[in-house]
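Notes follow the structure.
The values are calculated or read from the model by the stated rules, or taken from the named source; none is laboratory data. Please read all numbers here as calculations on a predicted model, not as lab measurements. All Cβ positions, even for glycine, are placed from backbone atoms using ideal geometry, and neighbour counts span all protein chains on display. Remember, those area values only see protein heavy atoms, side chains included, never the ligands or the DNA or RNA. Shrake-Rupley method; radii C 1.70, N 1.55, O 1.52, S 1.80 Å.
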Amino acid sequence: QVQLVESGGGLVQPGGSLRLSCATSGFAFSSNAMRWYRQAPGKERELVAGITSAGSTNYAESVKGRFTISRDNAKNTVYLEMKNLKPEDTAAYYCNARMMIINYWGQGTQVTVSS
């Protein structure tokens with residue numbers, strides 16, 4: 001059974017940092033690309049960052065230079081390091097794995113950027 005469990009969210013002031021983690025199980029993690037999405041209230045879910053099995057990364061324009069996605073295949077975990085956070089980064093953040101045509105999601109972790 002595929003499981004994705006996010007953690008690390010919280011309340012942070014503008015300019016602050018957070019590190020999100022997504023612990024996974026039930027599939028061949030090292031062979032799969034992983035992604036982080038976010039969804040703010042009243043908005044559609046959007047792709048924030050992705051990392052391939054080979055370690056290549058891509059980012060939404062809005063987070064380039066501030067966010068870093070990484071993976072630890074030994075721990076079956078993907079991370080999202082977020083720096084210089086802005087109020088517009090406030091959202092629920094979701095880890096995603098896609099196998100064949102099926103998308104798997106975690107339960108999400110809330111990030112709130114506010115003074």
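Number of residues in the range 8-27 that are open to solvent by 60 Å² or more (accessible area, probe 1.4 Å) and more than 13 Å from D89 (Cβ to Cβ): the value is 1. Residues in the range 68-115 that are among the polar types (S, T, N, Q), more than 18 Å from S21 (Cα to Cα) and part of a strand (DSSP E or B): 1 in all.
Among the residues making up the range 9-40, those that are in a loop (DSSP other than H, G, I, E, B), within 19 Å of I102 (Cβ to Cβ) and not aliphatic (A, V, I, L, M) are G26, F27, N32. Among the residues making up the range 41-67, those that are in a loop (DSSP other than H, G, I, E, B) and open to solvent by less than 80 Å² (accessible area, probe 1.4 Å) are T52, S53, G55, S56, A60, R66.
Only one of the numbered conditions (1) in contact (Cβ under 8 Å) with a residue 24 or more places away in the chain; (2) open to solvent by less than 30 Å² (accessible area, probe 1.4 Å); (3) basic (K, R); (4) out of contact with any Asp or Glu (no Cβ under 7 Å at 6 or more places or on another chain) is not met by R38, and that is (4). Restricting V63, V113, V48 to those that are touching a Pro at 6+ places or on another chain (Cβ under 8 Å) and at pLDDT 95 or above reduces the list to V113.
Picking from residues in the range 77-115 that are among the polar types (S, T, N, Q) and more than 14 Å from the chain's Cα centre (by Cα), the one that is surrounded by the fewest Cβ atoms within 10 Å (Cβ to Cβ) is S115. Look at the range 94-115: where a residue is β-branched (V, I, T) and a partner is open to solvent by 80 Å² or more (accessible area, probe 1.4 Å) and assigned to a strand (DSSP E or B), sitting 6+ places away or on another chain with Cβ atoms under 6 Å, you get T112/L11. Looking across the range 35-54, the residues that are farther than 15 Å from T109 by Cβ and touching a strand residue (DSSP E or B) at 6+ places or on another chain (Cβ under 7 Å) come down to E46, L47, G50, I51.
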